[in-house]
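Novice: Here it is, the structure, as structure tokens.
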Amino acid sequence: MTVVPFRTRNQGTRQAQPLSAQSNRNIRRPPAGVKAVGIDLGTTNSVVSVFKEHLEQPSTLAYDDGAALVPSIVYWNPETQTEAVGREAARQAGQDLAEIIRSTKRQMGIPQQHFRSNGREYSPELAATSVLNYLAAHEDLLEESKLHGRLWAVVTVPAHFDDAARSATIAAAEAANINVLRIVNEPTAAALAYSMLPDVRHLERENLVVYDLGGGTFDVSVVEREGLVFNVLASEGDVRLGGDDLDQALAEHLLTHVTPTLSARRMKQGTAGFKALLQLAEDAKKKFQTDGEVHVQSGSLDDSGAAIDVVVKRDVFEGLALPFIQRTLSLTERAIHAARKKAKDVSRILLVGGSTRVAIVRKMLEQYFPHCQVDARLEPDLAVSWGAAVQAAIILGLEPNTILVDVCSHSLGVGVAEDSRSIDENFRKVARKFGILNSVSEDQLQRVLGDRVDEFQKELRGLLRVAPIIHRNSALPSKRSEFFNTLYENQAAVQVIVVQGEGETVGENRFIGAFMFPLKQPCPAASQCEIQLTYDQNGMIHVLAKQLKTDNQAEAVFDSRTGEVTGWVNVSDLNADRPDGLEEQADETVQTGAPAEMPRQQNAFLVKAKRQLMRTQSGSEKHGILSSIIDEYEKLLEQTARGEDCDDEMDALEAEYDKNF
């Protein structure tokens, strides 16, 4: 029989709650004494910083030529059969610009994406691993790896990276022998860095907007700060909007001035000539920061004799850049609205990312948000890595008084059908698209379509409506359940289809994965099932399915880069045979050296409670009660991180808080 999704149920939603032991199966403990390392794995440049106590800001490691910025580029040298990264890659490539691999971050997590350098193929993940291997080879970090077996670090990603891109980033780090303490959103990390400045550290409360325009991505976050408590209220962004787009627009303008005309016509995306134009455009963009006009000249763009000699004025460049900057302003306005704030409520706009050096960016921000201070005191290329190092220090207990609560940037839900008629109608729509005009059985469908049956099922799945369970901008970590009904009498199973995004149908969203959940029989129509979705601290996804009034429940682990199920745990019977093709993922805890005390975790409830504590008179009875609740709650969080189930005790403490406060 056809396995169908759930029918949605309009009531019975369970609200967000702390993570359970099931959602923390792969937490790894950092050994005692590890350094607080933050890595900004950027589209254009990458940076590493280390937190050191008693310093006003983290220290940034210097690499080739004493520079902190490492170009995120890779080059395969065909003569020596070796790989070069960063400035060395640019030196070895020389004029061979077409063979340099760059800006791969935009493709992270997207399957079947490949880049080539002199015949050697790189996926975005492999290119990131090469850059991370280079970063980890710094002498200070090599010493850390030798001491603890591998490097431990916080790694940053764009706030709008989806689950697949985050998974790919973690996989790249692990391939470079780096254990990821936490994945942190780039604008969130930058807010930490800016707010550690001595002249603002003492502020009790402020609303911040972090405007992060990098080489390949744009992110904006609205952050509410109360003392050393940082609460991200909303996040917006575009992983395909950044300084690269300004280079592209200027390069296309320069192409109209290339001679001879025949050579210009042959310059397409990816050719050596166009890549040379992109490099000239990037150089000109940097000069426009100070110069009113730039002379762009090259006598040999490629081996066809193409050349360019033109003077470009700044207002021409700003006209080309205007649509992209307006897009960032629109996203900024949306983030402020999503945070339920007004522009006048924002005290500072913090500038992050190398592309914020472009003069028109600051000018338009000041015009668009006249009541806000545009704060560019920190080096825009370094702020994210500084904040990542501070976050590492928070996790390791070196910066114990600082609390950071981030949000998820995408909604998370499951595919559902309204009723059997909608399933039949969807089937007919897809069947007509595949040229099937008459009713067919499943066996007949297989014979008619052959190898195209998987494509048919994908199309059919894409028409399902999405029932959101965790909404975007929910505080991390977040766990939430929704209850659904089965459609048919004695239904054998349901297909749990998990998607990420804001679209109304499955096909309009990012497909995370799907798995079959066998139902215990007898199973009457409208039997209730619970689907529990979890975003952990890294913004990664966990899924748990339960058949109510039975002991039948199962947890699936997806590789969201491919949609495949990589792990399966039948919670009701761990010794039962698992469905074909599903393998159990080992519960892995890695320890190197002496086990360290587990760092205390923070979540939305703790932030709320600690804010209340600051407003409660010290020494009063309520202050004592609240202090006790916070201490007990933090201990329970540590126990969940070690695999213990403390949900009931946590619920009791939250109920006690609600009763008293």
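Just so you know, all these numbers are worked out from the coordinates, no wet-lab data involved. Quantities reported herein were computed from a predicted structural model and do not represent experimental measurements. As a convention, Cβ positions derive from the backbone with ideal geometry for all residues, glycine included, and neighbour counts pool all protein chains shown.
Novice: Using only C-alpha positions, report the orientation-averaged shadow area of the convex hull of the range 58-193, nm², one decimal.
Specialist: Numbers: hull surface 36.0 nm².
Over every viewing direction, the Cα hull of the range 58-193 projects on average to 9.0 nm².
Novice: Test of understanding: ordering LYS622, LYS275 by Cβ neighbours within 10 Å, fewest first, what list do you get?
Specialist: Values: LYS622 13, LYS275 21.
By the 10 Å Cβ count, ascending: LYS622, LYS275.
Novice: Starting from the Cα-Cα distance between LYS622 and ALA137, subtract it from 0.36 nm times their residue separation and give me the gain in nm to one decimal.
Specialist: 169.4 nm
Novice: With a 10 Å Cβ neighbour count serving as the proxy for reagent exposure, in which order, fewest first, do LYS52, LYS146 appear? Walk me through the numbers before you get to the answer.
Specialist: Values: LYS52 14, LYS146 9.
The most exposed by this proxy come first: LYS146, LYS52.
Novice: Taking the Cα centroid of the range 495-510 and of the range 356-409, what is the distance between the two, rounded to the nearest whole Å?
Specialist: After rounding, the separation between the Cα centres reads 32 Å.
Novice: Another question, then. For a Förster distance of 60 Å, can you work out the FRET efficiency between the beta-carbons of ARG327 and ASP551, rounded to the nearest 0.05?
Specialist: Values: r = 51 Å, r/R0 = 0.86.
Efficiency computed from Cβ-Cβ geometry: 0.70.
Novice: Right, next: Would you mind working out the magnitude of the charge dipole of the chain relative to its Cα centre, with +1 at each Lys and Arg C-beta and -1 at each Asp and Glu C-beta, to the nearest 20 Debye?
Specialist: Numbers: 71 positive and 93 negative charges, 309 e Å.
About 1480 debye.
Novice: Continuing with the same structure: Quick one: the Cα spread of the range 243-321 along its three principal axes, in angstroms, biggest first?
Specialist: Largest first, the range 243-321 extends 33, 21, 16 Å along its Cα principal axes.
Novice: Output wanted: per-residue J couplings in Hz (rounded whole) for the range 453-458, from phi through Karplus 6.51 cos²θ - 1.76 cosθ + 1.60, θ = phi - 60°, x for Gly and Pro.
Specialist: Per residue, the Karplus-derived 3J(HN,Hα) values read 5, 5, 5, 4, 5, 5 Hz.
Novice: While we're looking at this one, here's another question. Quote the FRET efficiency, to the nearest 0.05, computed for THR271 versus GLN95 with a Förster distance R0 of 22 Å and r equal to the Cβ-Cβ distance.
Specialist: 0.95
Novice: Along each of its three principal axes, how wide is the spread of alpha-carbon positions in the range 166-256, in whole angstrom units, largest first?
Specialist: Projected onto its principal axes, the Cα set of the range 166-256 covers 54, 36, 24 Å.
Novice: Now for a separate question. Using 0.36 nm per residue of separation minus the Cα-Cα distance, give me the extension gain between HIS471 and THR562 in nm, one decimal. Each step should come with its number before you reach the end.
Specialist: Working: separation 91, 0.36 × 91 = 32.76 nm, distance 2.32 nm.
Extending this stretch completely gives an extra 30.4 nm.
Novice: Given R₀ = 41 Å, what would the calculated FRET efficiency be for THR256 paired with GLN373, taking r from the Cβ atoms and rounding to 0.05? Let's see the in-between values first.
Specialist: Details: r = 40 Å, r/R0 = 0.97.
Here the calculated transfer efficiency is 0.55.
Novice: Can you bin the range 436-572 into rounded, prolate or oblate? Criterion: square roots of the alpha carbon gyration tensor eigenvalues sorted a ≥ b ≥ c, rounded for a/c under 1.5, prolate for a/b above b/c, oblate for the rest.
Specialist: On the way: a/c = 1.86, a/b = 1.27, b/c = 1.46.
In terms of gyration-tensor shape, oblate.
Novice: Once you keep just the Cα pairs under 8 angstrom separated by 6 or more residues, what percentage relative contact order results for the range 243-321? Intermediate values should be presented prior to the final figure.
Specialist: Values: 98 pairs, mean separation 26.6, N = 79.
Across the range 243-321, relative contact order equals 34 percent.
Novice: Another one. Rg to Rh for the chain: what is it, with Cα atoms only and Rh by Kirkwood? Let's see the in-between values first.
Specialist: Numbers: Rg = 26.6 Å, Rh = 27.0 Å.
A ratio of 0.99.
Novice: What number, in percent, do you get for the relative contact order of the chain if the mean sequence gap of Cα pairs under 8 Å and at least 6 apart is divided by its residue count? Working shown, then result.
Specialist: Working: 1371 pairs, mean separation 118.6, N = 661.
18 percent.
Novice: I need LYS287, LYS479, LYS313 ordered by Cβ neighbour count within 10 Å, fewest first. Mind dumping the intermediate values first?
Specialist: Values: LYS287 16, LYS479 24, LYS313 13.
In order of increasing Cβ crowding within 10 Å: LYS313, LYS287, LYS479.
Novice: Let me ask something else about it. At 4 °C and a viscosity of 1.567 mPa s, what translational diffusion coefficient does Stokes-Einstein give for the range 401-512, taking Rh as the Kirkwood radius over Cα pairs? Give it in µm²/s as a whole number. Working shown, then result.
Specialist: Numbers: Rh = 16.1 Å.
The Stokes-Einstein estimate is 80 µm²/s.
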